[in-house]
Amino acid sequence: MKRLSLYLILGVLSLVLAACGKDDRNKVIPSGGGENGGGNSGSDDFVAVTAAPKAFDGNKKADITYQLLVYSFADSGTDGWGDIKGVTQHLDYLDAMGASAIWLSPIHPSDSYHGYDVQDYSAVNPKLGTDADLQELISKAHEKNIKIYLDYVLNHSGTGNAWFKSASSSASSEYRNFYVFSDAPQADIAAGKIPSLSSYDAAKWHKTSSGNGAGYTGRLHFKLDWGSGTITVTSTSETAQPSNSDTSVNYFIYYGDDQIRRMYKTSSSVYEITLDFDSSWGFLVRTSSTSWDNNTKWGSATGAPISLGTPYAITSTNPENIPFGAASYYYGAFWSGMPDLNYGELSSVETNATFNALASSAKKWIDMGVDGLRLDAVLYIYEKNAPASNASFLGKWYERCNSYYKAAGRPGNIYMVGEAWTATDVMASYYEGLPALFDFEYWDRLSWALNNSTGRYFVKDVLNIRNICRAKRSDFIEATKLTNHDQTRAATQLGRSLPKEKLAACVLLTSPGSPYVYQGEELGYWGKIGAEGGADEQVRTPVKWTRTGSVPSSWTSASNIDKNMLSSDISVEAQEADAGSLLNVYKTFARLRNSYVSLAFGEMSAHSKYNDSNASDESIACWYMTSGSEKLLVVHNFGSSSKTLDFSGDKLDKAVALNGSAEVKGGSLKLGAYSSVVFLQ
């Protein structure tokens, strides 16, 4: 009886304690409710967030572009060069990355591995494949709703381009005005004779040959009037002559690689010869085939070019090479291997031969199915009166290409994005010519915020950038990104901190704009660009697809690639198998962006509490993304420690994305270090 009474007392006490909430160990607070789900974290009644996004319907709503380097992305063969077929073979990977477009590095024949010194704008580099290979890539990409953008270099070509070879060899070349030549560039610029330039920079002017001037290739007739001390050179179709065998005549034309030809005496003081002439530097007149004394070598007094058909005075006093009508210098803003293209006066650019030649080449790719162009180095096309001149030029270029695109029956408008790598207020002015531009400041702001554990200014910075751009073009397309092939890798700038790299991916893919993901960024590749202490190739590393497979490496010296990036655990195969890998963070948040229209093309707005004025929670970056009736709350913690935050005015019951850790209790959110969470409102 006493034992029964004790049991009754203990039972009643237990009920009382339960009613008073004294024993909560098995109590579950349903903060996740419905889509959030989750169980008790065991931490002050907070419940771990479990993301439950809506099912992806297969329709990519976002404009996510993957930038790849054809030469290092994937090799379909065994020559060690990435190629177009290699891209085609990995379309499933790009599709899983959420890409709605691919930006291909230059595919044209080129003097360099990277392709930016173009030899032929109308051809495919045979190292990368064929026209048929490109056509297959375009067709198969379109089947997966992936567009193809070509990198198009409008500012300059390569010296190996047939246009430049011809232009630099003769003033009468039909391509002479495709480039900027000058005997006296400083004076010509000052006189306003070069429409694209307003100032002289000696480092950007390059001699056309190793001598004092340019050469010539073609059949020429040489007439030396020894009595008057002049020589006249004319272009001719007459039969070329061998060197005169009469050793009593001692007047010679010296040219090319130690070529010397004895002339024919045609009157008492006149000597002539017709030659198939080929010389990169010009020619000299000699009166001996063996001696190089000044009194046997005759040339120019000043190094000024000879004009075909016009008598030219020669001297033996410190003679210089006699160059042809080709000018002594050409303009190349980046280096001597990239001569700048010349579009002449802006007012008549639409009838300019260079403009029309580039546009004609672009038509071929549009006809093939290319969906857009990425325009390289648009700041430099017209350095005079930039950016206004460049914006006007680009507007005319876009209209030419878009008109043809539409006439060819293509849907919508051609996509065109410009690389205007400069301050935002200057960059934004280029929206007066192009619909899309890369936002370089976006990464500057984001990387600073990540490395300083300060997120509270980020929304203000992004909105400020967007407002500047919107003032120039209401339908502007902000091409956001972390880094690209010309920048030190994001991973390096973030100290190779994997949590920061994951957070950077989450921020990029939850921000407004049209994001670009650069090859290898999703794998955590690192490296410094050459200007910052590395080889350029270190930021252009090949993709390692399998744990044990090879990578394209013939395109560069092995010493230029950090092979530590090509380990089995960093490979695509390994990261695909690891649910928590950086690659899978990119895939998850790309799918999220493709699923929710508010992320795909919605507008960003600041949170009323967690914003730039909140110094108490400065590691937090928080905003809304809204499109129509759909609204998402985006929260990122840029700090190295967790934060407990008050979101009593927001809905925390439907999490659609999570990276790192997050817990909720009522209106409170506990967000882990370098973590991200997105809630449907």
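The values are calculated or read from the model by the stated rules, or taken from the named source; none is laboratory data. Being a predicted model, the structure only gives us computed values, none of them experimental. Glycine gets a Cβ as well: all are built from the backbone with ideal geometry, and neighbour counts include every protein chain shown.
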Item to check | Only one of Lys502, Lys544 that is of a type in the set (Lys, Arg) and in a loop (DSSP other than H, G, I, E, B) | outcome: Lys544
Checklist outcome for this item: Scanning region 548-597 for residues that are surrounded by 13 or more Cβ atoms within 10 Å (Cβ to Cβ), free of Cβ contacts under 8 Å to residues at least 40 places away in the same chain and more than 30 Å from Asn125 (Cβ to Cβ) gives Ala574, Glu576, Ser581, Asn584
Item to check | Among the residues listed as Ser648, Ser661, Ser640, Ser619, the single one being of a type outside the set (Lys, Arg) and free of Cβ contacts under 8 Å to residues at least 24 places away in the same chain | outcome: Ser648
Checklist entry - How many of the residues making up region 431-454 are in contact with an Asp or Glu (Cβ under 7 Å, 6 or more places away or on another chain) and within 17 Å of Cys506 (Cα to Cα)? => result 2
Checklist outcome for this item: In region 308-324, anything surrounded by fewer than 21 Cβ atoms within 10 Å (Cβ to Cβ) and either at pLDDT below 85 or at positive phi (or both) is listed as Gly309, Asn318
Next on the checklist: If I go through region 431-450 residue by residue, how many of them are crowded, with 18+ Cβ neighbours inside 10 Å, within 14 Å of Leu503 (Cβ to Cβ) and of a type in the set (Phe, Trp, Tyr)?
Outcome noted: 1
Next on the checklist: Can you say whether Ile138 is under 21 Å from the mean Cα position of the chain (by Cα), crowded, with 22+ Cβ neighbours inside 10 Å, closer than 21 Å to Gly369 by Cβ and hydrophobic (A, V, I, L, M, F, W, C), as far as the supplied structure shows?
Outcome noted: no
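Condition check ((1) assigned by TED's automatic domain parsing to the domain that holds Tyr116; (2) within 27 Å of Gly418 (Cα to Cα); (3) β-branched (Val, Ile, Thr)) across all residues:
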| residue | (1), (2), (3) |
| --- | --- |
| Leu150 | yes, yes, no |
| Ser170 | no, no, no |
| Ala187 | no, no, no |
| Ile194 | no, yes, yes |
Next on the checklist: Return the pair list, or none, for Cβ contacts closer than 6 Å from residues in region 444-457 that are outside any helix (DSSP H, G or I) to residues that are of a type in the set (Val, Ile, Thr), at least 6 apart or on different chains.
Outcome noted: Gly455/Ile620
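So which strands (runs of 3 or more DSSP E) are wholly in region 219-287 and hold at least 3 residues that are crowded, with 16+ Cβ neighbours inside 10 Å and within 52 Å of the chain's Cα centre (by Cα)?
On the way: elements: 230-235, 252-255, 259-262, 264-267, 270-279, 283-286.
Qualifying strands (runs of 3 or more DSSP E): 230-235, 252-255, 270-279, 283-286.
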Checklist entry - Just one of the numbered conditions (1) surrounded by fewer than 18 Cβ atoms within 10 Å (Cβ to Cβ); (2) within 24 Å of Gly534 (Cβ to Cβ) is not true of His485; which one? => result (1)
Checklist entry - Is it fair to say Asn402 is buried (at least 23 other Cβ atoms within 10 Å of the Cβ) and modelled with pLDDT of 95 or more? => result no
Next on the checklist: I'd like to know if region 410-425 contains one or more residues that are within 25 Å of Asp117 (Cβ to Cβ), in the same structural domain as Gly513 (by TED's automatic domain parsing), in a helix (DSSP H, G or I) and touching a strand residue (DSSP E or B) at 6+ places or on another chain (Cβ under 6 Å).
Outcome noted: no
Next on the checklist: If I filter region 339-346 for residues that are at pLDDT 95 or above and more than 29 Å from Gly215 (Cα to Cα), do I get at least one hit?
Outcome noted: yes
Item to check | Which numbered condition Ala51 misses (of (1) out of contact with any Pro (no Cβ under 6 Å at 6 or more places or on another chain); (2) surrounded by 22 or more Cβ atoms within 10 Å (Cβ to Cβ); (3) at pLDDT 95 or above) | outcome: (2)
Next on the checklist: surrounded by fewer than 20 Cβ atoms within 10 Å (Cβ to Cβ) and touching a residue at least 60 places away in the same chain (Cβ under 8 Å): which single residue out of Met604, Met625 fits that description?
Outcome noted: Met604
